[in-house]
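As structure tokens, the structure follows; a few thoughts come after it.
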Amino acid sequence: MSEELCLQERYAPHNACYGCGPANDKGLRVRSFPKGEEVVASWRPEPHHEAFPGVLNGGIIGSILDCHCNWTAAWHLMNVRGEETPPCTVTMDYQIKLRRPTPTDQPLRLVARVVACEGDVVTVEGELYAGEKLCDTCHGRFMAVKPGHPAYHRW
């Protein structure tokens with residue numbers, strides 16, 4: 001039995017994004033899966049992702065939450081529009097709150113949900129957990145792009 005494809009592998013297998021691109025061998029390779037009204041992921045940090053021993057770097061935290069929330073927005077737009085593939089979305093803005101040190105000795109769990117949608121703009125809130133402890137949060141806006149935008153054909 002083959003492993004289930006994540007959103008990134010199913011809809012953008014050639015994407016080389018550092019945070020979520022399946023085609024980037026040196027990237028973080030976040031793998032996002034729809035689960036009801038949320039999109040979830042499990043991601044395992046490695047020692048080279050640390051800010052200092054045992055604690056995840058804040059930039060890495062921002063990257064994985066940004067990409068995961070962006071895919072949540074794309075998945076949402078695909079569903080509300082009744083399309084077969086998600087539109088290419090980009091980050092308009094996002095804010096990360098580092099609530100506590102995020103450990104690197106265990107898999108981390110990402111959870112994201114849409115909180116607003118207006119036209120091509122989707123607002124998403126995301127959370128990063130180590131075990132049952134909420135470590136970090138994200139609040140961002142993501143926009144579907146049109147032909148002519150440099151990212152339009154990346155997926």
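A short reminder: the numbers here are calculations on the coordinates, not readings from a lab. Note that the structure is a prediction, hence the values are computed from the model and not measured. Quick reminder, even Gly has a Cβ in these numbers, built from the backbone with ideal geometry, and neighbours come from all protein chains shown.
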Pairs only if they're at least six apart or on different chains, beta carbon under 8 angstrom, first in segment 53-79 and within 15 Å of Glu38 (Cα to Cα), second assigned to a helix (DSSP H, G or I); list them, first residue then second. Trp71/Leu7; Trp71/Gln8; Ala74/Leu7; Ala74/Tyr11; Trp75/Leu7
For segment 146-155, enumerate the residues that are at negative phi and free of Cβ contacts under 8 Å to residues at least 40 places away in the same chain. Lys146, Pro147, Pro150
Would you confirm, using the coordinates I've provided, whether Val55 is surrounded by fewer than 20 Cβ atoms within 10 Å (Cβ to Cβ) and out of contact with any Phe, Trp or Tyr (no Cβ under 6 Å at 6 or more places or on another chain)? yes
Count of residues meeting criterion [within 17 Å of the chain's Cα centre (by Cα) and charged (D, E, K, R)] in segment 96-155: 8
How many residues of segment 77-109 are surrounded by 17 or more Cβ atoms within 10 Å (Cβ to Cβ), of a type in the set (Val, Ile, Thr) and under 21 Å from Asn15 (Cα atoms)? The answer is 1
Per-region count, segment 97-145, residues free of Cβ contacts under 8 Å to residues at least 24 places away in the same chain and either over 20 Å from Ser32 (Cα atoms) or assigned to a loop (DSSP other than H, G, I, E, B) (or both): 3
Could you give every pair whose Cβ atoms fall below 6 Å, whose first residue belongs to segment 2-19 and is without any contact (Cβ under 8 Å) to a residue 24 or more places away in the chain and among the acidic types (Asp, Glu), and whose second residue is assigned to a loop (DSSP other than H, G, I, E, B) and surrounded by fewer than 19 Cβ atoms within 10 Å (Cβ to Cβ), counting only separations of at least 6 or pairs across chains? none
Residues of segment 20-47 satisfying the condition of being part of a loop (DSSP other than H, G, I, E, B), loosely packed, with under 15 Cβ neighbours inside 10 Å and touching a residue at least 24 places away in the same chain (Cβ under 8 Å): Glu37, Arg44, Glu46
Of the candidates Ala112, Ala116, Ala130, Ala74, the one satisfying the condition of being small (Gly, Ala, Ser), surrounded by fewer than 21 Cβ atoms within 10 Å (Cβ to Cβ) and under 20 Å from Leu28 (Cβ atoms) is Ala130
Going residue by residue through segment 28-49, is there one that turns out to be among the aliphatic types (A, V, I, L, M) and farther than 14 Å from Leu110 by Cα? no
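Please go through segment 81-95 and give me each residue that is part of a loop (DSSP other than H, G, I, E, B) and hydrophobic (A, V, I, L, M, F, W, C), ordered by number. Talk me through it step by step, then tell me what you get.
Within segment 81-95, the subset part of a loop (DSSP other than H, G, I, E, B) is 82-88.
The one that is part of a loop (DSSP other than H, G, I, E, B) and hydrophobic (A, V, I, L, M, F, W, C): Cys88.
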Here is a list: Leu5, Leu65. Which entry is closer than 23 Å to Ala130 by Cα and not β-branched (Val, Ile, Thr)? Leu65
